[in-house]
1. Along its principal axes, what span do the Cα atoms of the range 1-81 show, with the longest given first and each in whole Å?
2. Treat the count of other C-beta atoms within 10 Å as a stand-in for reagent exposure and order MET282, MET151 from fewest to most.
3. Among the DSSP beta bridges whose two residues both lie in the chain, what percent are antiparallel, rounded to the nearest 5?
4. Once you've got the Cα coordinates, tell me which of LYS29/LYS118; LYS56/LYS223; LYS56/LYS251; LYS118/LYS251; LYS27/LYS139 are over 32 Å apart.
5. Between the alpha-carbon centers of the range 109-160 and the range 254-277, tell me the distance in whole angstrom.
6. Run the reach check for LYS228 against aspartates and glutamates, Cα to Cα strictly under 17 Å, same-chain hits fewer than 8 apart removed. What comes back?
7. From largest to smallest, what semi-axes in whole angstrom does the range 226-266 give when each is the square root of 5 times an eigenvalue of its alpha carbon gyration tensor?
8. Based on Cα positions only, what radius of gyration and what Dmax would you give for the range 111-172, in angstroms?
Amino acid sequence: MTARLIKGTEIREEILAELRAETEELKAKYGRVPGLVTILIGENPASVSYVTLKIKTAQSLGYKEIQDNRDPDISEAELLDLIDRYNKDDSINGILVQLPLPKHIDEAKVINAIDPDKDVDGFHPVNIGRLMLGGDEVKFPPCTPAAIQEMIIRSGVETSGAEVVVVGRSNIVGKPIANMLLQKGAGANATVTIVHTGTKDLASHCLRADILIVAAGVPGLVKPEWIKPGACVIDVGVNRIGEKVSSKTGKTIAVLSGDVDFEPACERAGWITPVPGGVGPMTITMLMKNTMKSFKSSLGIK
Ligand code: NAD
């Protein structure tokens, strides 16, 4: 069997086109567009590149985008004040504070300071609680799990009644995606198992999975013989395994691999996400979707 590729790059374009059209329509009707502020503290190169991508994507959709960069010596109190200002700003629907923060700032305090109704990253404890409750309670699913669910749905893979195994129990991927897929409703209703570093026999659990979601950050952790023939494999892992010179730009770039041994896995799986080009490109897209949702909610529409 040769697995069908679930390409995040293609699904991203579909969703962005939908959001662009929706932005134009709402602008014509209400004279307003979704507003997103990205707060970046310092100049960590990875954070700068993530934030730049988020800003460019928001601008390409016609959103209002405020880029608020601050010096790394900003005090915690000043940052909390800044967040409070954006909480009260009606033109802002989404507040994104790029993590990690400098050591002198308490990350949990900052996340807790964001208005849960503008927390488009979905990291605020209130939104984690809403996710657990499920259904209409869910306001902002965190972006990477939302990307995973969207990719499964848009690929036509049946989740209802499926055995889902999630490898990894992090707060940003493993726990939320498990929670989302076990809820009653479309694109969910699955029987979910989470496996982790304390699990005795990883292979036997993986082998049961109709949908196998791997978010461990360990290259080649999942062996091809652990994959149930025909299963849908979502490889969330992004691991730098070396460097190469780009044939396009001539610059040195990272060689990335997922957590699944990709080539042989393609011979067993029914669907699989590549790395790069799978879940990665979808995450920012889901941030844009959450910002749109917040905007619509501020307009009192669904
Ligand atoms: P994390 O380190 O917070 O969590 C990893 C989890 O995997 C832990 O719960 C751990 O118990 C489990 N794990 C690790 N080694 C294991 C092993 N040998 N056996 C069983 N379980 C094991 O990581 P994270 O933030 O959830 O990210 C996981 C991976 O996904 C990373 O490679 C990260 O770069 C990637 N990631 C990608 C995106 C994206 O594409 N947009 C977003 C977030 C994370």
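Values in this text are rule-based calculations from the coordinates and carry no lab data. Predicted model only: the values in this text are computed from it and were never measured. Please note: Cβ atoms are built from the backbone with ideal geometry, for glycine as well, and neighbour counts cover all protein chains shown.
1. Between the extreme Cα coordinates on each principal axis of the range 1-81 lie 53, 45, 17 Å.
2. With the sparsest Cβ surroundings first, the list reads MET151, MET282.
3. Rounded to the nearest five, the antiparallel share is 15 percent.
4. Violating the 32 Å Cα-Cα cut-off are LYS56/LYS223; LYS118/LYS251.
5. Spelled out, the Cα-based centre of one part sits 25 Å from the other.
6. Leaving aside aspartates and glutamates fewer than 8 places away in the same chain, those within reach of LYS228 are GLU158, GLU163, ASP201, ASP210, ASP259, ASP261, GLU263, GLU267.
7. Working: eigenvalues 155, 20, 12 Å².
Here the semi-axes work out to 28, 10, 8 Å.
8. That works out to 13.0, 38 Å for Rg and Dmax.
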